[in-house]
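What follows is a set of notes on a single structure, which appears directly below.
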Amino acid sequence: MDFYYEMTDDNEEEQYPQNTPVNGKYYEWQLSVGHQWLKIENDHVIETHYCHPGAKGISINTSHGVVFIDFDTLQANNPGIKVQRLSFLPRGQTEDIGWYFRDDQLWCEYGTQGSNTLSSSVSSRDVEQQFTTNPQGTFRFTVGHTPYLIDFSTMTQRNLITGLQRRLRRRPKLSSNTGAVSLTSALPTTSSSQTGVVGYRWEFMGVGEQWTEYQAHICSFDSAAIERQYQLNKQGTLNFKINRYSYTLDFSGMYQVNNKFGTRRSVRRTPIYGVQHNISSGPQAQWQFLDMDGSWKDYSKGICSTSSQEIEFQYKLNPSGTMTFSTRNFSYELSFSAMTQRNLRTGTTRTVRRLNQ
């Protein structure tokens, strides 16, 4: 299914004045196929992911196949397809930009304290001002008595005493009009007026910079339980266990800490949008996969991050799309058009079926 519609040719740059928001947003993501720039519908999904410094990129399903957008280079991995993010800001306003460095454990914003470092003497605003002045230049600053050099051309930070280099990322801050939705499925075609928040998903940045949902079968708290604790005290903390380790989740800082080793990981809270008036009404279809022993197994929260009800909801939004989910050790992609699930690490494919109740 085609998820975008035609916007303008390359030579029609003045269709949108620079100070005019698009659909209430001040950004717009587009793909170029051939000689046309095409708007990506529901691009708030991309924007929400892009605003987090830990996100490498995102895959979206289009009529031209799956397109992966690399957030560092703002390029698509598909030959002949280009990507761009336009900004439509009111006159006199600038975008709120965050600058982040990768320390030993997580991405940290300049001006805040890292997982094992002192806070730097400069803020994101300071770095952005230098970058705007000279995007290919360098910028020197200190942390305590240690001098550092930022190289904008290579997007790296170097300790001038030890020579240690760290990666940098420049990302916009998530604004209130971004309209974030769940990132576990392909871009839906349902308009925002048909949807509402049906819950929140809590995730931590796991191995390989992959977002991993808190699930009851591997953690003492799942997303729903964490959300209840969050509502009780949004500035508080929550203690939980994963296997033999104990952790503390800091709601105000949005990170988790391993209480034994002190390792920090970023945490995010993502609203899940859905059609509230009919998501649970009437009989629900049952979704199953063909296991290696030849038997059909139900999708349930006890064995994976999704359930038949959630799969059915995503299927009704886009019967030709895909969605992703995870188990304890693997991530999978479920294709509604092919009726298969694919292990994203091993490539193993299994048959899927939908049973009407």
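The values are calculated or read from the model by the stated rules, or taken from the named source; none is laboratory data. It should be emphasised that the depicted structure is a prediction, and the values quoted were computed from it without experimental measurement. Counting neighbours? That spans all protein chains shown, and the Cβs are built from the backbone with ideal geometry, glycine included. Accessible surface is based on the protein model in full, side chains and every heavy atom, while ligands, DNA and RNA are left aside. Shrake-Rupley method; radii C 1.70, N 1.55, O 1.52, S 1.80 Å.
Below are the figures for this structure:
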{"read-out": "Matching entry among Gly206, Gly236 (being over 23 Å from the mean Cα position of the chain (by Cα), open to solvent by less than 50 Å² (accessible area, probe 1.4 Å) and either closer than 27 Å to Val45 by Cβ or at pLDDT below 90 (or both))", "value": "Gly236"}
{"read-out": "Any hit, region 180-193, residues being at pLDDT 85 or above, assigned to a loop (DSSP other than H, G, I, E, B) and closer than 30 Å to Thr62 by Cβ", "value": "no"}
{"read-out": "Residues of region 73-99 classified as out of contact with any Ser or Thr (no Cβ under 8 Å at 6 or more places or on another chain) and of a type outside the set (S, T, N, Q), total", "value": "10"}
{"read-out": "Check on Arg354, under 21 Å from the mean Cα position of the chain (by Cα) and open to solvent by 60 Å² or more (accessible area, probe 1.4 Å)", "value": "no"}
{"read-out": "Flag for Arg342 being open to solvent by 40 Å² or more (accessible area, probe 1.4 Å) and under 22 Å from the mean Cα position of the chain (by Cα)", "value": "yes"}
{"read-out": "Any hit, region 311-321, residues being open to solvent by 20 Å² or more (accessible area, probe 1.4 Å), of a type in the set (Phe, Trp, Tyr) and under 15 Å from Thr212 (Cα atoms)", "value": "no"}
{"read-out": "Residue match in region 78-87 (condition: within 19 Å of Arg170 (Cα to Cα) and touching a helix residue (DSSP H, G or I) at 6+ places or on another chain (Cβ under 7 Å))", "value": "no"}
{"read-out": "Top-ranked residue in region 43-65 [being modelled with pLDDT of 85 or more and among the β-branched types (Val, Ile, Thr); ranked as most open to solvent (accessible area, probe 1.4 Å)]", "value": "Ile58"}
{"read-out": "The listed residue being open to solvent by 20 Å² or more (accessible area, probe 1.4 Å), touching a residue at least 60 places away in the same chain (Cβ under 8 Å), within 28 Å of Val127 (Cβ to Cβ) and of a type outside the set (Phe, Trp, Tyr), out of Glu109, Glu28, Glu95", "value": "Glu95"}
